[in-house]
1. Please report the relative contact order for the chain, taking Cα pairs under 8 Å with a sequence separation of at least 6, and give it as a percent rounded to a whole number.
2. For region 5-123, what's the radius of gyration and Dmax over Cα atoms, in angstrom?
3. Just to be sure I understand, if you calculate semi-axes √(5λ) of the Cα gyration tensor in Å for this structure, which of (i) 43, 23, 17; (ii) 35, 23, 22; (iii) 33, 24, 19 do you get?
4. Hey, can you grab everything whose amide H is under 5 Å from the amide H of Thr382? Only 5+ residues off in sequence or another chain; H modelled, so Pro and N-termini drop out.
5. Determine the distance separating the Cα centre of region 215-254 from the Cα centre of region 5-66; give it in Å without decimals.
6. Within 12 Å, Cβ to Cβ, of Gly125, how many net charges do the neighbouring residues add up to if Lys/Arg are +1 and Asp/Glu are -1?
7. Scan around Gln4 for amide H atoms under 5 Å from its own, H built in the peptide plane at 1.01 Å from N, and keep only partners 5 or more places away or cross-chain.
8. Where does the charge balance sit around Ala173 when Lys and Arg score +1, Asp and Glu -1, over other residues with C-beta under 15 Å from its C-beta?
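Here, each number is a calculation from the coordinates, and none is a lab measurement. Worth saying up front: this structure is predicted, and the values here are computed from it rather than measured. Positions of Cβ are backbone-derived with ideal geometry, glycine not excepted, and every protein chain shown enters the neighbour counts.
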Amino acid sequence: MGKQLNVGLLGMGVVGSGVCQVLAEQKAAIKARTGVEITITKALASPYEDKSAFAEAYGFSLTTSVEEICADPAIDVIVELIGKIDPAKEFILTALAHKKHVVTANKDLIATHGPELMAAAESAGVSLYFEASVGGGIPILRTLSTHYLPDTITGIFGIINGTTNYMLTQMVAEGLSYETALSEAQEKGFAESDPTNDVDGIDAAYKMVILTKFAFGMTIALTDIDITGIRGLSIDDIQQAAAFGYDVKLIGGAQKNKNGALAVSVGPVLVPQSHALASIKSEFNGVFIKSTGIGQSMVYGPGAGSRPTATSVVADLTELAKHKAEGVVTPFIQFAAPTKLASASEKVDRYYLSCPTAVDVSALIADVLDPTVAPQQTNGITAYLTQPISQQFAEERFGKVAGIQMMKVMEEF
């Protein structure tokens, strides 16, 4: 391998093209810092698009065979940027079987099959890195796996979906309806034509599977997460929240209770306007961390886009270059702890409740209202804030009552 790190590239879309550009610009700087030159030598050609001119411009060859790339003895690392679970999983397993390091940005795949892929990498004696799978250009995973090693994280909360954050920002700032905000996000390229994964919280939930592993060492599945999206969220509820002094954000959260059990959720949450997470606007992402050592910290930046995501991919390649120079192989994550999940009765939060003013719910909510906060009335809707109550209690008392909307309220930090 010498002082060269040769890369096989699978995927030359928006992020793959960005990797080529960032690497070309930073190649000399990376070599100066690591002593290793990173070079893309071969890429998988798409049957739907002619990339020959692009490949020639960046000095690598094209092939239609994944096996050819993975079996090439001159290639050290496979970068997978195809996306989706299939055929990406098969491609990565093939690369690992050929003892190639792998770098990917594929959150769906890592969240769904991460343990299997990491075990395959360990068995092959190579590394599997995926910094770009969460937060785009935000270096959150490496921050958690290095800077928090001597610390104990008690909670992690993130705005980790740029599409919904853009929509909610526009609903707050411009008074847009959910439907108009979604249409605008699609026009600007922030939302897909089918926005299901974004607006229903699935994209954020995939990322929470990964963040939970890095923050707490626990391996969870999508089914372990309480997932609620923002689909159909009313502008009236947005405005009522603002009247209480909160902004509504789609928050992915994982927090330990006093018994060490973990509650993981994704959903619209009332965030105090004084909180750092409330300052994150538009398509930007941010992750807020609570720990016993550092206390409170937040990592913030662009959560998507060609160059930010490509820069995270190249950062993984640079890490591999450093390890090559040192002659070591290091797994991305070694932290493992028994998975202990909180029950619905152990998940305690304050709640925002709203319903049509004409509906008398006084008897239903009187015993749980926060006596320090007066109800708000706007456009025929009355909103209330509760005292801390369990999720089980909230669902049993209010979950099936027609017309009542519920959202959790984030505590002041």
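1. Details: 839 pairs, mean separation 72.2, N = 413.
Once normalised by length, the contact order is 17 percent.
2. In order Rg, Dmax, the Cα atoms of region 5-123 give 14.0, 38 Å.
3. Here semi-axes √(5λ) of the Cα gyration tensor in Å agrees with entry (i).
4. Counting only residues 5 or more places away or on other chains, the set is Cys355, Thr357.
5. Between the Cα centres of region 215-254 and region 5-66 lies a distance of 38 Å.
6. On the way: positive: Lys99, Lys100; negative: Glu122.
Counting the neighbours of Gly125, the net charge comes to +1.
7. Amide H to amide H, under 5 Å and 5 or more residues apart or across chains, Gln4 pairs with Glu37.
8. Numbers: positive: Lys188, Lys249, Lys281; negative: Glu174, Glu184, Asp247, Glu283.
Counting the neighbours of Ala173, the net charge comes to -1.
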